[in-house]
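Quick notes on the structure that follows.
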Amino acid sequence: MARILVIEDDYTQLDIIEQGLAFHGHVIDTKGDGAEGLEQLLAHHYDLAIIDWDLPGLQGVDVCNKYRNSGGTAAVLFLTGKSSVTNKVQAFDCGADDYLTKPFSYAELLARVKALLRRPHTMESESLVYQEITLDMVTKVATVSGKDIGLTPGEFSLLELFVKNPGRLFNAAELLDRVFKSETDQEAVRQRVMRLRKKLAVQGKEESRITTQKGFGYKFE
């Protein structure tokens, strides 16, 4: 499963893409405006961005270029009616990973998405940043507002998963499978989440970034 942002102003096509990719288990966010899409890309972690060329607010190539220049590392797939070699070269020059022209078959789109998600992250950043939280992926140190919060390896892996998937609900079984493979007890997961929540607490801020939805799981926001 991946988190994917689709920036497309043709809402009929946007709906088809969103429903199709969601059916295959992906978490999909959508934007119909280039400037809003760029803002969304820079504010959240995505595994893939699917971007149309002709967009209101900001052209797709400008979205891609500004995203790459800001250090964005998600794979980028252009989905557009522009089919000339010049357009394709321009897209790749601004940092695109793949290019699919309209009209297209959904089967081909899905194949391109799968291929991009399988690729190693050759542009992987050395750090993950989410508002006041920074994860150094080399030293495995997590800081809040510049202060080391002293995470254990398991807590770091848990926070990494949350930071890469803000707003997504994870149940205890998923966390056992993806983070705490050596554990078998869901109560142990609850305790680990509780300890991470305390370490993330910012003085003067009552609400926690990690919320519990009783009977469903945990969400990071």
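The values are calculated or read from the model by the stated rules, or taken from the named source; none is laboratory data. Remember, predicted model here, so these are calculated numbers, not experimental data. Cβ coordinates were reconstructed from backbone atoms using ideal geometry, including for glycine residues, and neighbour counts include every protein chain displayed. For the accessible areas, the whole protein counts, side chains as well, though only heavy atoms, and no ligand, DNA or RNA atoms are used. Shrake-Rupley method; radii C 1.70, N 1.55, O 1.52, S 1.80 Å.
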request  = Would you confirm whether any residue within region 53-60 is closer than 15 Å to ILE4 by Cα and touching a Gly at 6+ places or on another chain (Cβ under 8 Å)?
outcome  = no
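Looking only at region 156-199, filter to residues that are free of Cβ contacts under 8 Å to residues at least 40 places away in the same chain and in a loop (DSSP other than H, G, I, E, B); which one of those is least open to solvent (accessible area, probe 1.4 Å)? Steps first, answer last, please.
At the first step, the residues of region 156-199 found to be free of Cβ contacts under 8 Å to residues at least 40 places away in the same chain are 156-158, 160-161, 173, 176-194, 197-198.
Still in the running and in a loop (DSSP other than H, G, I, E, B): 179-185.
Numbers: VAL179: 33, PHE180: 8, LYS181: 144, SER182: 109, GLU183: 53, THR184: 131, ASP185: 81 Å².
It comes out as PHE180.
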ask   = Given the conditions (1) open to solvent by less than 50 Å² (accessible area, probe 1.4 Å); (2) assigned to a helix (DSSP H, G or I); (3) under 27 Å from GLU132 (Cβ atoms); (4) touching a helix residue (DSSP H, G or I) at 6+ places or on another chain (Cβ under 8 Å), which single one is not true for HIS45?
value = (2)
ask   = Given LEU79, LEU117, which one is open to solvent by less than 20 Å² (accessible area, probe 1.4 Å) and either modelled with pLDDT of 90 or more or of a type outside the set (Phe, Trp, Tyr) (or both)?
value = LEU79
request  = Mind counting the residues in region 48-76 that are open to solvent by 10 Å² or more (accessible area, probe 1.4 Å) and of a type in the set (Val, Ile, Thr)?
outcome  = 2
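Table: residues versus (1) open to solvent by less than 70 Å² (accessible area, probe 1.4 Å); (2) out of contact with any Ser or Thr (no Cβ under 7 Å at 6 or more places or on another chain); (3) of a type in the set (Ser, Thr, Tyr); (4) at pLDDT 90 or above.
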position	(1), (2), (3), (4)
ASP98	yes, yes, no, yes
LYS102	yes, no, no, no
SER105	yes, yes, yes, no
VAL129	no, yes, no, no
LEU151	yes, yes, no, no
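Out of the residues in region 131-149 meeting the condition of being assigned to a loop (DSSP other than H, G, I, E, B) and not hydroxyl-bearing (Ser, Thr, Tyr), tell me which one is most open to solvent (accessible area, probe 1.4 Å). Write out each step before concluding.
Going through region 131-149, the residues assigned to a loop (DSSP other than H, G, I, E, B) turn out to be 131-132, 137-140, 145-146, 149.
Among the residues that remain, those that are also not hydroxyl-bearing (Ser, Thr, Tyr) are: 131-132, 137-138, 140, 146, 149.
Working: GLN131: 126, GLU132: 48, MET137: 37, VAL138: 101, LYS140: 101, GLY146: 69, ILE149: 29 Å².
Selected residue: GLN131.
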query = Is one or more of the residues making up region 80-100 of a type in the set (Lys, Arg) and within 28 Å of LEU159 (Cβ to Cβ)?
reply = no
Counted residues, region 2-28 - those being in contact with an Asp or Glu (Cβ under 9 Å, 6 or more places away or on another chain) and open to solvent by less than 40 Å² (accessible area, probe 1.4 Å) = 11
task = Scan region 200-221 residue by residue and report those that are open to solvent by less than 60 Å² (accessible area, probe 1.4 Å) and modelled with pLDDT of 80 or more.
result = LEU200, ARG209, ILE210, THR211, GLY217, TYR218, LYS219, PHE220
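In region 59-104, what count of residues is obtained for those that are of a type in the set (Asp, Glu) and either assigned to a loop (DSSP other than H, G, I, E, B) or at positive phi (or both)?
Step one: list which residues in region 59-104 are of a type in the set (Asp, Glu), which gives 62, 93, 97-98.
Among the residues that remain, those that are also either assigned to a loop (DSSP other than H, G, I, E, B) or at positive phi (or both) are: 97.
Going through region 59-104 one residue at a time, the tally reaches 1.
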task = Within region 75-94, identify whether any single residue is in contact with a Lys or Arg (Cβ under 8 Å, 6 or more places away or on another chain), over 24 Å from TYR11 (Cα atoms) and either free of Cβ contacts under 8 Å to residues at least 60 places away in the same chain or not basic (Lys, Arg) (or both), and answer yes or no.
result = yes
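If you go through region 7-23 one residue at a time, do you hit one that is assigned to a strand (DSSP E or B) and under 18 Å from the mean Cα position of the chain (by Cα)?
yes
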